Amino acid sequence: MLLCSLWFYCALKKRTLIKLKEQYFRQNGGLLLKQQVSNREGTDCTRIFSYEELKQATQNYDESRILGTGGYGTVYKGILEDGTTVAIKKSKVIDQNQVDQFINEVVILTQINHRNVVKLLGCCLETEVPMLVYEFISNGTLHRHIHEKFSMTRISWLNRLRIAIETAEALAYLHSAASMPVFHRDVKSSNILLDENYTAKVSDFGISRLVPLDQTQIPTLVQGTLGYLDPEYFQTSQLTAKSDVYSFGVVLVELLTGQKPVSFERSREDSNLAMYFLSSLKRKDFSDFLDDNLLREGTVEQLRAVSELARKCLLIRGDKRPTMKEVAQELILISGFGRQGWLENEEENDDCMPVDGIGLNFIGGQDCFQADLTVTFDLER
């Protein structure tokens, strides 16, 4: 009787656990998620991880495995049975809004394939709090490297410029080359991850929006991060691709100045970095607001050109801002200013003829484009 009672108790407990997991699966939007993914042709099959797999991978979510924390929850470093290192995103609390964001991020990432977008490996729906499993990006966030003063991890100007190019290319892909356009909606330096080679990976698509091909704007509740939020989007609630352009402009200013997007260490009227940067372009010497190290590493032509590009991205009217594709193209062009690469670029593009000797206005074939930038060259050099 004792053995029978023990067997019955274990069977009942196992059955209860199975029912609980099924309940969590439905509660966390598992049925809707399966429907959403199955309705999208050409998407990769997202792996469904069990709770036991992720518990073992993180050593029962040990504090030593924490990679970062925030209002959304905690990200853990995990090592799967096959030795693969992953990042596991676990929400703190569960409500319907978080479930919607969770499903939204999975659906978006299953249709994106770009070298500069973080890759989603799978998810776990068997717990009260749903979890996402990503490829592990080892070098932390761009925000950390810019704003936390680690002498051994300071990013050089050339790396900053390359990171800007890679991020711009990823956003341009999302806007115009993905199977369905995506507006990221929360572009910021803490959502740009860096791998061991300082390659940029755009992450966190929880509040991103898929955009029907026949639409250029979406009416929606305003969401984003203070300091990066497009003022036009804030006023009209109309989300557009140019909202991401504005936020990327703030990231460019962070790369140039090394300052935070919102800081009360500056005066009250200059607490917003974007506004401070735009006013500084008018009333201060160019070098006064740049990171001191960049003045020693970058050419004046590059720094001025990136500053001008950032100014264009931060224009109040969205229709006056460049597209992310144009931003990426200009950054690639700027990366050759004042260096041997610039001369090589001229030789490779013989069809691109300069209109004048001072500005950067070019005409030519389809691979050429007009760069309306004002810079000064040392013509003798």
Subset of region 281-299 [of a type outside the set (D, E, K, R) and touching a residue at least 60 places away in the same chain (Cβ under 8 Å)]
Asn293, Leu294, Gly298
Among what's in region 186-200 and is open to solvent by less than 20 Å² (accessible area, probe 1.4 Å) and without any contact (Cβ under 8 Å) to a residue 60 or more places away in the chain, pick the residue that is farthest from Ser247 (Cα to Cα).
Leu194
Within 30 Å of Ile79 (Cα to Cα) and open to solvent by 40 Å² or more (accessible area, probe 1.4 Å), is that true of Ser138?
yes
Looking only at region 152-176, which residues are more than 24 Å from Gln302 (Cβ to Cβ) and without any contact (Cβ under 8 Å) to a residue 24 or more places away in the chain?
Met152
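The values are calculated or read from the model by the stated rules, or taken from the named source; none is laboratory data. Predicted, not measured: the structure shown is a model, and the values here were computed from it. Glycine also receives a Cβ, built like all others from the backbone with ideal geometry; neighbour counts cover every protein chain displayed. Each accessible area value is taken on the protein alone, full model and side chains, heavy atoms only, with ligands, DNA and RNA left out. Shrake-Rupley method; radii C 1.70, N 1.55, O 1.52, S 1.80 Å.
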